[in-house]
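FYI, it's all coordinate maths here, none of it is from the lab. Remember, predicted model here, so these are calculated numbers, not experimental data. Note that we place each Cβ from the backbone using ideal geometry, even for glycine, and neighbour counts take in every protein chain shown.
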Amino acid sequence: MSGGNDNYEAQIRALMFECARLVDHQQFRDWLDLFTEDGSYSAITYENNQENGLYLFKDDGKESLKERVTFLMGFWQVGRGKTLHTLSNISIMPLEEDEATANSYFVIYRTGDDGITRFHACGEYEDNLVRQEGRWLFRKRKAIVDNGVLPSHFTDLI
């Protein structure tokens, strides 16, 4: 990747870590700013992804993402407790000057009202990224959840 920006991998990693941090701190309005206007966020189980099956959810465009944020901020559900996202095995591939793809693994832990932290979910992110006005953003983020560990109350951001 040219254009005087040799740190694109570090910038994309920073975006991915910022996304996890914002979700963990329930700063969902700030999370919106990590997506392009036509951004897409979805979740699907591993099995359904292999068979082109149904998504758990799919939000296309900023307005749809705003509806998800409204949902997550508690207007339509009760609180979820504290979460902790970990990311690993990050792989980034440049496509064009201001476009890239990335893949990573995630593990999410959740602390319940009882104060006990438990494993919540794990899987893989598939990201399409674009640099706009010098800043990397998600154009598409798909969470592929290991359906063997999908919690029965699974409704929030991954």
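Helical runs (DSSP H, four residues minimum) scored at -39500 (n - 2.57) apiece and divided by the length of the chain put the mean residue ellipticity at 222 nm at -6500 deg cm²/dmol. Whole-Hz Karplus values for region 116-130 come out as 9, 8, 10, 4, 10, 6, 8, x, 9, 9, 10, 10, 10, 10, 9 Hz, taken residue by residue from phi with 6.51 cos²θ - 1.76 cosθ + 1.60 and θ = phi - 60°; glycine and proline positions read x.
When both bridge partners sit in region 8-149, DSSP labels roughly 85% of those beta bridges antiparallel. Taken about its Cα centre, region 8-149 carries a charge dipole of roughly 520 debye when the Cβ of each Lys and Arg holds +1 and the Cβ of each Asp and Glu holds -1. Using θ = phi - 60° and the Karplus curve 6.51 cos²θ - 1.76 cosθ + 1.60, what whole-Hz ³J(HN,Hα) does each residue of region 19-29 get, with Gly and Pro shown as x? My calculation for region 19-29 gives 4, 4, 5, 5, 5, 4, 8, 6, 9, 5, 5 Hz in order.
Here's how it looks for G39: its modeled amide H is under 5 Å from those of G61, K62, which are all 5 or more places away or on a different chain.
Only Cα sites of region 8-149 enter the Debye sum here, all with the same form factor; the resulting log10 I(q)/I(0) across q = 0.18 1/Å is -1.15, listed in q order. Given a 10 angstrom Cα cut-off, can you work out which residue in D38, D127, D113 is the most mobile in a GNM of the chain? Among D38, D127, D113, the largest mean-square fluctuation in the Gaussian network model of the chain belongs to D113. Between F35, F71, F138, the GNM of the chain built on Cα springs shorter than 10 angstrom shows F71 fluctuating the most. Across region 36-45, coupling constants 3J(HN,Hα) worked out from phi with the 6.51/-1.76/1.60 Karplus curve, θ = phi - 60°, read 6, 4, 9, x, 10, 9, 8, 9, 8, 6 Hz, and Gly and Pro carry x.
Under the combined filter of DSSP loop state and at most 15 neighbouring Cβ atoms within 10 Å, region 1-62 retains these GluC sites (Glu not before Pro): E51.
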